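Heads up: the structure comes next, in structure tokens.
The values are calculated or read from the model by the stated rules, or taken from the named source; none is laboratory data. Remember, predicted model here, so these are calculated numbers, not experimental data. Methodologically, a virtual Cβ is constructed for each residue, glycine included, from the backbone with ideal geometry; neighbour enumeration extends over all protein chains shown.
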């Protein structure tokens, strides 16, 4: 893995501006506010390419966001361009291909976005019901919309007459508790995934065989902690 020092120092300055202290313990980042501490293994590529988003993720996990309430908001379907712009600005992993996009608006300001897949038949559901995937969800930087995810899920279930909605949570950054509070139930966990990361561009390329040979001058091997699969059962 390349030297992290210059990227760590840049990241540290962003957090210190929010009165958050950060230190390194081997390959673990330890971030602390006055009331809470969290730690996670260094996502070096994100430290290099998305320090502001990573800092916003830390701020959210330390419960330092401003809270607004979903009961004061409205759900609207949004187009792909608007969804991609929001997710590229605020989601740690940017936007990706999706079929349906919905926004949570407070007055006229877009506060949160949820992106969903097309529906699929599943043996666990009646023949006339479909399962959808929640592919992306995030709020505007520095904001937590209390009840926002639940409101978006219920709206989507009603509109699509969905049977259920599944999603995957990256264990490196979350235990999934906020999703469980919104009504998801843990289904299973996946094994860790491996990627080759370009040392110049920091672009990730998934690899199935971590034992395969690769040019260590050009790439390094990244291993995540796996994902948690969660399922939300719709009540229509």
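Overview of values
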| read-out | value |
| --- | --- |
| Matching entry among 120, 80 (being farther than 20 Å from residue 164 by Cα, surrounded by fewer than 20 Cβ atoms within 10 Å (Cβ to Cβ), over 17 Å from the mean Cα position of the chain (by Cα) and in the same structural domain as residue 178 (by TED's automatic domain parsing)) | 80 |
| When residues of region 43-77 are limited to those that are assigned to a loop (DSSP other than H, G, I, E, B) and touching a helix residue (DSSP H, G or I) at 6+ places or on another chain (Cβ under 8 Å), the one nearest to residue 224 (Cα to Cα) | 43 |
| Only one of 95, 115 that is buried (at least 19 other Cβ atoms within 10 Å of the Cβ), touching a residue at least 40 places away in the same chain (Cβ under 8 Å) and in contact with a strand residue (DSSP E or B) (Cβ under 9 Å, 6 or more places away or on another chain) | 95 |
| Residue 114 vs. criteria within 28 Å of residue 204 (Cα to Cα) and in contact with a helix residue (DSSP H, G or I) (Cβ under 9 Å, 6 or more places away or on another chain) | yes |
| Lone unmet requirement of (1) more than 15 Å from residue 12 (Cβ to Cβ); (2) assigned by TED's automatic domain parsing to the domain that holds residue 19; (3) out of contact with any strand residue (DSSP E or B) (no Cβ under 7 Å at 6 or more places or on another chain); (4) outside any loop (DSSP other than H, G, I, E, B) for residue 34 | (4) |
